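*Asks:* Got a structure for you, questions after.
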Amino acid sequence: MSTDVLICGAGRTPFGRSQASGRQLAVGAVNAALADAGIEWSRVRAAFGGSDSAGLADTLVAQLGLTGVPFVNVKNGCATGGSALVSAVNAIRSGMADVVLAVGFDKHPRGAFDPRPEDWGLGAEYGSDGLMVTTQFFGMKIQRYMHDHGITPRTLALVAEKAYRNGGLTPEAWRRKPVDVDEILDSGMVSDPLTRYMFCSPGAGAAALVLCSPEAARGLEGEPVTLRSAAVRTRRFGSFEVFSPWIPGGPLTSVSRDASAAAFEEAGIGPGDVDVCQLQDTESGAEVMHMAECGFCEDGEQERLVASGATEIGGTLPVNTDGGCIANGEPIGASGLRQVYEIVQQLRGRAGERQVPGEPRVGFTHVYGAPGVSACTVLSH
Amino acid sequence: MATDPRSPAVAVGLQGSRCRSGCAVTAYPAEDTCPRCGGPAEPEVLTGTGTLWTWTVQRYAPKSPPFQAPPGGFEPFALGYVELAEGVRVAAVLDVDIREGLDGIRIGMPVTVTAGHGVPRARPMTPGEEDS
Ligand SMILES: [Zn+2]
């Protein structure tokens, strides 16, 4: 038996490059979420949050106020925001607290990721011979997928084109200038078949949510959105992940498939009920594959769906209405909560120029990250 | 000390390992335990031939360290996963000349794969090798 959990406040900062520190961005997002919920910081009874490389979330109390609130640090890679959210949900359902904060933030230096073979349990030769480059993994996964399911490079470019177009409609997005298909295809190959403009970049940003029990929400003026479910999973045997000297034969398993199925099961609805979704788009190929892995289409259907405009804001299944990671950049700790923020705005009908028409009622979010972790949510209004 | 990781060196078979329990999972490089069931695994020399399962091209010089550029400087190179008969897909650098284009690379093409001082290296089989 699970109690409903309501999102009563949502806030985010602009994403991109910033003079502010990651912690300053986090304080900005938290204050925006509190204002949205119409409450003071002192009303929050528990908090969960984290960043990948911008410091500890519990130190934010120095700026927010020393209220004595229990504040738990979360560090879970790309699932940091999702894990903070799951923890917040459980705090409410267990009766630990009735008003809970979840916050994710980050700030990565330019070209941030600098993996060392020994940290990943690999021989030194994988680093010295040049096989420890994350973009290779993305290129190789979509290369095989295109071969198996008839996806073309043009579809990858259309996905990126949509991201920049939607970014242009999102005041807080980083990349807001439209880029057309040909320019994306001609932007220079990074890891075949993926070109430069098909990738997102590490950046800075923060997002925060105020979650409430139904009783606590009743006293608030804001417009709540119901969080139907939140699920986090790690990979099972047989998945294809970054920095793998080998992968098992046979059909691949997918942690995104597992996490999304768990989120839908808990919510008691299916992908066909979703009106708007946010899917991890580290690069264009990821969005294409995640459409199928999260159950929104069969493998290969993306070729037709993307070309027909189905994933556009006015389409049958709008995907990444705020421009996703490609247009917002990826502050790792903040990405998952940025997605939830966007769905909250869409379900409230407050997404401005990028509002999905027809009063969407059900939304879905999905993050995926190394080395095989995924977090998904289902929301309704 | 600094040997060129790309020098052909002495080509030997891939030293992998195989689960001794029922799940029969083959891993590379060799591991003491089976990554699926956690049971004991024993060393096994893997097949030296397979087919290309997927590939990409490293277009720019990876960050150094850990990357060590070869003596002549960085040149873009192809890499991929080779599927072996044992049911394992092994990451390898592809010894294919890509200066004139990528026509020499195709998913499913037969390749031989060898281990030297560095990571495994694969090259397309010649028609004669394919027949034998
Ligand atoms: Zn085993």
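The values are calculated or read from the model by the stated rules, or taken from the named source; none is laboratory data. Because the structure is a prediction, the values reported are computed rather than measured. Positions of Cβ are generated from backbone atoms using ideal geometry, with glycine treated the same way; all protein chains shown enter the neighbour counts.
Every residue, every condition in (1) under 25 Å from B:Thr56 (Cβ atoms); (2) aliphatic (A, V, I, L, M); (3) outside any helix (DSSP H, G or I), yes or no:
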{"residue": "A:Lys162", "(1), (2), (3)": "yes, no, no"}
{"residue": "A:Asn166", "(1), (2), (3)": "no, no, no"}
{"residue": "A:Thr170", "(1), (2), (3)": "no, no, yes"}
{"residue": "A:Ala173", "(1), (2), (3)": "no, yes, yes"}
{"residue": "A:Pro178", "(1), (2), (3)": "no, no, yes"}
{"residue": "A:Asp182", "(1), (2), (3)": "yes, no, no"}
{"residue": "A:Ser187", "(1), (2), (3)": "yes, no, yes"}
{"residue": "A:Val190", "(1), (2), (3)": "yes, yes, yes"}
{"residue": "A:Tyr197", "(1), (2), (3)": "yes, no, no"}
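*Asks:* Name every residue in segment A:339-349 that is in contact (Cβ under 8 Å) with a residue 12 or more places away in the chain, out of contact with any His (no Cβ under 8 Å at 6 or more places or on another chain) and not polar (S, T, N, Q), in order of residue number.
*Replies:* Hits for segment A:339-349 are A:Val340, A:Tyr341, A:Glu342, A:Ile343, A:Val344.
*Asks:* Pick out, from segment B:39-96, the strands (runs of 3 or more DSSP E) lying fully within it that include 1 or more residues that are within 16 Å of the ligand (Cβ to nearest atom) and either touching a helix residue (DSSP H, G or I) at 6+ places or on another chain (Cβ under 6 Å) or closer than 19 Å to A:Lys141 by Cβ (or both).
*Replies:* Counting at least 1 such residues, we get B:88-94.
*Asks:* Take segment A:120-141 and flag every residue that is assigned to a helix (DSSP H, G or I) and within 9 Å of chain B (Cβ to nearest Cβ).
*Replies:* A:Ala124, A:Glu125, A:Tyr126, A:Gly127, A:Ser128, A:Thr135, A:Gln136, A:Phe137, A:Phe138, A:Gly139, A:Met140, A:Lys141
*Asks:* Pick out the one residue from A:Ala286, A:Ala267 that is closer than 25 Å to B:Leu79 by Cα, buried (at least 19 other Cβ atoms within 10 Å of the Cβ) and modelled with pLDDT of 95 or more.
*Replies:* Unique residue meeting the criteria: A:Ala286.
*Asks:* Another question about this same structure. How many of the residues making up segment B:20-33 are closer than 21 Å to B:Tyr81 by Cα, within 9 Å of the ligand (Cβ to nearest atom) and surrounded by fewer than 22 Cβ atoms within 10 Å (Cβ to Cβ)?
*Replies:* Adding up the residues that qualify gives 1.
*Asks:* Have a look at A:Ala57, A:Ala47, A:Ala62, A:Ala32 and point out the one that is in contact (Cβ under 8 Å) with a residue 60 or more places away in the chain and aliphatic (A, V, I, L, M).
*Replies:* From the options A:Ala57, A:Ala47, A:Ala62, A:Ala32, the qualifying one is A:Ala32.
*Asks:* While we're looking at this one, here's another question. Among (1) in a strand (DSSP E or B); (2) buried (at least 23 other Cβ atoms within 10 Å of the Cβ), which single condition is A:Arg233 missing?
*Replies:* (2)
*Asks:* To continue, here is another question. Based on what the data block shows, is A:Val69 among the aliphatic types (A, V, I, L, M) and not in a helix (DSSP H, G or I)?
*Replies:* Spelling it out, A:Val69 is indeed among the aliphatic types (A, V, I, L, M) and not in a helix (DSSP H, G or I).
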